[in-house]
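Trainee: Structure in structure tokens, see below.
Computed from the coordinates by the stated procedures, all read-outs in this text should not be read as laboratory data. Worth saying up front: this structure is predicted, and the values here are computed from it rather than measured. As a convention, Cβ positions derive from the backbone with ideal geometry for all residues, glycine included, and neighbour counts pool all protein chains shown.
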Amino acid sequence: MEQSFKRSVNELQAIVAATGRFFSHSGTAESIRMAVDLAVEELFVNMVTYNLGTDHDILLQMQASPGGVTVSLTDYDVEPFDPSLAPHVDINAPLDQREPNGLGLYLVSKMVDSVHYAYRDRESKVTFVKTVRRADD
Amino acid sequence: MIEIAYGNDRQVVLRGRLDASQAERAQAFLDQVAPPCVLDLGALEYISSAGLGVLLKTHKRLMATGSGIQLINVNPHINDIFRYSGMDKLFSIVTSPHG
């Protein structure tokens, strides 16, 4: 499955519909759906929020892989930004020091198996793999 | 989409998906809520960091008055998000056994 989306958080409903169709048609385990939706949202919103110098659509690709799914988001004509290099989030900080900023990419790192970043010819591509683990059952 | 409204005993019921596209609407509602604030998440299907930000901001506002938010009927999948984010240490959470 691949589909492009406009650079707006208002596209999230359409993105969820697309991931839902993928899960339904591919037979991928629903137990990992929330983690996949969350990772897609966080990466998509990050691109929309911080890659401001482009008006290109963002490409979402999903492919069934052994025991799960491989998902890529590609942003065009942008500067490089490797989400795995995002600032550390202290989840043990007291309330007055907690801010939601940066939490999204941290959650991605916790909820998927692996994240790979590639940048070439001003194309920024983030790929993650999510598989079913015992805890997901 | 997120539905947010008062339920029984002035509990605030959230139903649906609390994502980045719905955060502003949820925040506008919760900004009007006075303590004590109990959020029933039994029908909440999904929450992202944007939704966590809404709860965090509301909790901080209410803690300034002496009592933060309490989350009830939190299903295991949503509770995982709270645990991964460390929010489980900030909020009072009552979980639900239902997935």
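Trainee: Out of curiosity, is B:I69 closer than 26 Å to A:D90 by Cβ, of a type in the set (A, V, I, L, M, F, W, C), touching a strand residue (DSSP E or B) at 6+ places or on another chain (Cβ under 9 Å) and within 12 Å of chain A (Cβ to nearest Cβ)?
Mentor: Answer is yes for this residue.
Trainee: Something else: Looking at (1) of a type in the set (D, E); (2) away from chain B (no Cβ under 14 Å); (3) under 18 Å from B:L55 (Cα atoms), find the lone condition where A:E99 falls short.
Mentor: Going through the list (1) of a type in the set (D, E); (2) away from chain B (no Cβ under 14 Å); (3) under 18 Å from B:L55 (Cα atoms), A:E99 breaks only (2).
Trainee: May I pose another question? As an exercise: evaluate A:E123 against (1) under 21 Å from A:A14 (Cα atoms); (2) away from every other protein chain (no Cβ under 14 Å) and give the number of the one condition it does not meet.
Mentor: Failing condition for A:E123: (1).
Trainee: Ok, one more. Of the conditions (1) buried (at least 18 other Cβ atoms within 10 Å of the Cβ); (2) part of a helix (DSSP H, G or I); (3) touching a residue at least 24 places away in the same chain (Cβ under 8 Å), B:D88 clears all except one; give me its number.
Mentor: B:D88 satisfies all of (1) buried (at least 18 other Cβ atoms within 10 Å of the Cβ); (2) part of a helix (DSSP H, G or I); (3) touching a residue at least 24 places away in the same chain (Cβ under 8 Å) except (3).
Trainee: Any residue at all in region A:61-76 that is surrounded by fewer than 21 Cβ atoms within 10 Å (Cβ to Cβ), among the acidic types (D, E) and in contact with a strand residue (DSSP E or B) (Cβ under 7 Å, 6 or more places away or on another chain)?
Mentor: Looking through region A:61-76, none of the residues is surrounded by fewer than 21 Cβ atoms within 10 Å (Cβ to Cβ), among the acidic types (D, E) and in contact with a strand residue (DSSP E or B) (Cβ under 7 Å, 6 or more places away or on another chain).
Trainee: Scan (1) within 10 Å of chain B (Cβ to nearest Cβ); (2) of a type in the set (D, E, K, R); (3) closer than 24 Å to B:D88 by Cβ for the single condition A:D113 breaks and write down its number.
Mentor: (1)
Trainee: Within region A:76-92, does at least one residue satisfy the condition of being part of a strand (DSSP E or B), more than 14 Å from every other protein chain (Cβ to nearest Cβ) and more than 26 Å from B:N75 (Cα to Cα)?
Mentor: Yes, region A:76-92 has at least one match.
Trainee: Answer yes or no as to whether B:I2 is over 26 Å from A:D96 (Cβ atoms), within 12 Å of chain A (Cβ to nearest Cβ) and in contact (Cβ under 8 Å) with a residue 24 or more places away in the chain.
Mentor: yes
Trainee: Looking at B:L62, B:L56, which one is buried (at least 16 other Cβ atoms within 10 Å of the Cβ), among the aliphatic types (A, V, I, L, M) and under 12 Å from the mean Cα position of the chain (by Cα)? Give the derivation first.
Mentor: Values: B:L62 fails: under 12 Å from the mean Cα position of the chain (by Cα).
Being buried (at least 16 other Cβ atoms within 10 Å of the Cβ), among the aliphatic types (A, V, I, L, M) and under 12 Å from the mean Cα position of the chain (by Cα) holds for just one of B:L62, B:L56, which is B:L56.
Trainee: Only one residue in A:D75, A:D90, A:D96 is more than 30 Å from B:A64 (Cα to Cα) and not polar (S, T, N, Q). Which one?
Mentor: Details: A:D90 fails: more than 30 Å from B:A64 (Cα to Cα); A:D96 fails: more than 30 Å from B:A64 (Cα to Cα).
Result of the check over A:D75, A:D90, A:D96: A:D75.
Trainee: Moving on. Considering only residues of region B:24-59 that are among the hydroxyl-bearing types (S, T, Y) and assigned to a helix (DSSP H, G or I), which is nearest to the other protein chains (Cβ to nearest Cβ)? Before the answer, list the steps.
Mentor: Here is the first cut: in region B:24-59, the residues among the hydroxyl-bearing types (S, T, Y) are B:46, B:48-49, B:58.
In the following step, the residues that additionally are assigned to a helix (DSSP H, G or I) were identified as B:49, B:58.
Details: B:S49: 4, B:T58: 12 Å.
So, considering only residues that are among the hydroxyl-bearing types (S, T, Y) and assigned to a helix (DSSP H, G or I), the one nearest to the other protein chains (Cβ to nearest Cβ) is B:S49.
Trainee: Report whether or not A:A64 is over 14 Å from A:V126 (Cβ atoms) and more than 14 Å from chain B (Cβ to nearest Cβ).
Mentor: Judged against the criteria, A:A64 is a match.
Trainee: Just for region A:1-22: of the residues that are touching a residue at least 40 places away in the same chain (Cβ under 8 Å) and assigned to a helix (DSSP H, G or I), which one is nearest to the other protein chains (Cβ to nearest Cβ)? Give the steps one after another, and end with the answer.
Mentor: Of region A:1-22, the ones touching a residue at least 40 places away in the same chain (Cβ under 8 Å) are A:1-8, A:15, A:18-19, A:22.
Now restrict to residues that are assigned to a helix (DSSP H, G or I): A:15, A:18-19, A:22.
Details: A:I15: 9, A:A18: 14, A:T19: 11, A:F22: 16 Å.
Ranking the qualifying residues of region A:1-22, first place goes to A:I15.
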